[in-house]
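As structure tokens, the structure follows; a few thoughts come after it.
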Amino acid sequence: MNIPFPHKTYPDVTHITRQELDALGVRTLLLDLDGTLMRSGSTDMRADIAEWIAELTEAGMVIYLLSNNRSPERVRAVAERFGLPWTWHAGKPRRSALDAVRRELAPEACCTAVVGDQIFTDMLLARRCGVTGLLVESMDDHRWYYRLRLLAERPFRRARPPKKDGGRK
């Protein structure tokens, strides 16, 4: 069963360090756009997030922008700013969203983590595909549906994934 527990949670993407990614064995990040890197509908990205992306890219991390946003212009604008490969209207949490990225990235697709702000799209995709799921707090707390989404996600945000040995010692 693919229960969408995140592997780790963070206040925002800038709290995900290169050292932590190295410790997790992550070499490729699939980043969500709306609510994760910037607010939905906004054209502005926080300077610290832009620096975080640039630093990880310069350090050799493969970064791919994987968005369910239906505006190719919006996703393209952010991706081109950093020279990132990208997919719009990705269809997360369907496995085909990640399969297409794996074909495009080929050998760089190993050791992947999905970074996003939603349990039922980003974290479920990570669990379905057997990759690391890193959850960040959403920047979309201004949206009318935000509190409803948090209520639905609460059991998965608070719980921890079961231990591989079933919790036995």
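Here, each number is a calculation from the coordinates, and none is a lab measurement. As the structure is a prediction and not an experimental result, all values here were calculated from the model. Backbone-built Cβ (ideal geometry, glycine too); neighbour counts: all protein chains shown.
DSSP beta bridges fully contained in the chain are about 0 percent antiparallel.
With an 8 Å Cα cut-off and a minimum separation of 6 or more residues, compute the relative contact order for the chain in percent. RCO, the chain: 34 percent.
Ranking request for peptides 84-91, 116-123, 148-155: highest mean number of other beta-carbon atoms within 10 Å first, then the rest in descending order. Please list the in-between numbers first.
On the way: 84-91: 18.1, 116-123: 24.2, 148-155: 12.9.
Top of the packing list down: 116-123, 84-91, 148-155.
Modelled label positions at D48 and A152, each set 7 Å beyond Cα in the direction of Cβ, lie 3.0 nm from each other. Of the peptides 134-145, 46-57, the ranking by mean beta-carbon count within 10 Å, highest at the top, reads 134-145, 46-57.
Based on DSSP H runs of at least 4 residues, each adding -39500 (n - 2.57), what is the mean residue ellipticity at 222 nm of the chain after dividing by all its residues, to the nearest 500 deg cm²/dmol?
Values: 6 runs with 60 residues, N = 169.
Dividing the helical sum by the residues of the chain leaves -10500 deg cm²/dmol.
Measuring between their Cα centroids, segment 50-99 and segment 1-32 lie 15 Å from each other.
Computed over neighbours whose Cβ is under 13 Å from that of S96, the net charge equals +4, Lys and Arg +1, Asp and Glu -1. Each peptide in 60-67, 28-35, 13-20 receives the mean, over its residues, of other Cβ atoms within 10 Å, and ordering these scores from highest gives 28-35, 60-67, 13-20.
For the chain, divide the Cα radius of gyration by the Kirkwood radius and give the resulting Rg/Rh value with two decimals.
Values: Rg = 15.3 Å, Rh = 16.2 Å.
Answer for the chain: 0.94.
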